[in-house]
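Structure, as structure tokens:
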Amino acid sequence: MSQETPSAGGRSTSYLEKAQTPKANLARSQNCLAQRPGKLSCLAIAGASILFGGAAAAGVVMVVSAATTESPPPPSPPEFFLPRAPPSPPYPPPAPGPPPSPPDIPCTGADLIVEERTLRTSVYTQWLNNADPCAVDESCFTGMGARRVLRFSTLIANIGCEDYVVGAPSISAGWTWHDCHQHYHYINYANYQLVPLCADVAAAIAGHKNGWCVYDAGSYFGDGLYGPEGSPGCGRGYLGCSSTQFSQGISAGCYDVYPADLNCQWIDITDVPAGTYTLRIETNWDPATRLASTPESNYSNNAASIVVDLSRQRVRALGDSEALQAMRAQGCAR
């Protein structure tokens, strides 16, 4: 549970910050080498732990003057917060298509999921001061001045056996240019909705669409690099978003994550009354727009939902039994 308590002073959040995790990379490389002696990709992880050992990445997204008046979110598993930093030049070329799968392992395409655990453990509220009209134009806020937002992390993983490819923003379909902030958005990547409990999704009272950088943040599977059986492996070139010429996507077996502290990684709830709601996150949801990316083998697992209790002081994610009781109280569950 997150409490809204004033902070001393406040700070500007017009930038993004992520810490590098060299110790985690080194541990993964040792585990990888133990299972695959001499594997070059294992050595690459070890090299990355040294190369990026003391680095910290920062990238400007939008100019939003933010006054933090809330305690930080509950801690999330550290493996879900790997660096969102572009690789050092020379940059890799766009990832090639995956090689054919072995005959006994059929390959049926990409398969995206939204991880509920990351969503459930990351929700909190915060008051921000919006001084940027572009943030309203891009639906990050619904107004100017003091705004209350519901923050959360979004982790999207590709558990299929082919890469999920959205391509280069400047040349690929599905991307939209926004004049106000002078950058591209891939609006079919993530759809955030806050829906009254027991109501249909179409009755969402707040939310917006988010997507501007899609890449491999790390491996979603335990052994580090190789993804599910039959896949070409994780980390095939979707490594940064610093150029509109780079192809973006999520390799088979990898994930991308938008942590809760990113700009616009929220829903503006300033005018939302207290109550019990369903927070729903969906990826690649629009049938027309998703034709511009790699087809998926399964669209039934593209959304995750949690039930939240929202008051004027805090937000709390309900457990399964509490959520069921709340639905019974409103007559939409037995």
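Sorted into 10 angstrom bins from 0, the C-alpha pair distances of the stretch 101-185 split as 14, 24, 34, 20, 6, 2 percent. The modelled label-to-label distance between residue 180 and residue 137, using points 7 Å beyond Cα along the C-beta direction, is 0.6 nm.
Taking the Kirkwood radius as Rh and the Cα radius of gyration as Rg, the stretch 147-229 has a ratio of Rg/Rh equal to 1.03.
With all distinct Cα pairs included, what does the Kirkwood hydrodynamic radius of the stretch 158-200 come out to in Å, to one decimal, could you say? Before the final figure, lay out each step's value.
Values: mean 1/r = 0.0752 Å⁻¹.
The answer is 13.3 Å.
Modelled spin-label separation between residue 298 and residue 334, with each label point placed 7 Å from Cα along the Cα-to-Cβ direction: 2.8 nm.
On the basis of the beta-carbon distance and an R0 of 51 Å, residue 243 and residue 321 show a calculated FRET efficiency of 0.60.
Projected over every direction and averaged, the convex hull enclosing the alpha-carbon atoms of the stretch 236-334 yields 9.8 nm².
The numbers here are math on the coordinates, done by the rules we state, and not lab data. These numbers come from a predicted model, not from an experiment. Cβ atoms come from the backbone with ideal geometry, glycine included; neighbour counts cover every protein chain shown.
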